[in-house]
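One structure is given here, and the rest of the page talks about it.
Only the coordinates and a few stated rules stand behind these numbers; no lab work does. What you see is a predicted model; the values in this text were computed from it and never measured. Ideal geometry is used to build each Cβ from the backbone, glycine not excepted, and the neighbour counts take in all protein chains shown.
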Amino acid sequence: MLKKVIKFALASTLIVSGLVIGTTIFTVKGIDKLGDKLEDTIHN
């Protein structure tokens with residue numbers, strides 16, 4: 001019983017951390033693109 005709970009908790013943690021990392025990377029790329037557009041606007 002306890003092993004099942006631990007396995008479930010571990011799986012949930014891995015899934016959530018994967019989502020957080022993926023979202024963070026996606027957000028950073030989006031901000032980077034916006035920064036590039038802003039830089040082009042300022043310099044042109």
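If you wrap a convex hull around the alpha carbons of the chain, what volume per residue comes out, as a whole number of Å³? Could you put the intermediate results ahead of the total?
Numbers: hull volume 1.2 nm³, N = 44.
Cα-based convex hull of the chain, divided per residue, equals 27 Å³.
May I ask for the angle, rounded to the nearest 10°, between helix 2-43 and the longest principal axis of the chain, with both axes built from Cα atoms and the value confined to 0 to 90°?
0
Given the rule -39500 (n - 2.57) for each run of at least 4 DSSP H residues, summed and divided by the residues of the chain, what is its mean residue ellipticity at 222 nm, to the nearest 500 deg cm²/dmol? All intermediate terms of the calculation are to be shown ahead of the outcome.
Working: 1 runs with 42 residues, N = 44.
Computed mean residue ellipticity for the chain: -35500 deg cm²/dmol.
I'd like to know which of ILE6, ILE21, THR41 lies farthest towards the positive end of the charge dipole of the chain, counting +1 on Cβ of Lys and Arg and -1 on Cβ of Asp and Glu.
Selected residue: ILE6.
Assign unit charges at the C-beta atoms only (+1 for Lys and Arg, -1 for Asp and Glu), then state the dipole size of the chain relative to its Cα centre in Debye, rounded to the nearest 20. Numbers along the way, then the final one.
Details: 6 positive and 4 negative charges, 120 e Å.
The dipole magnitude comes to about 580 debye.
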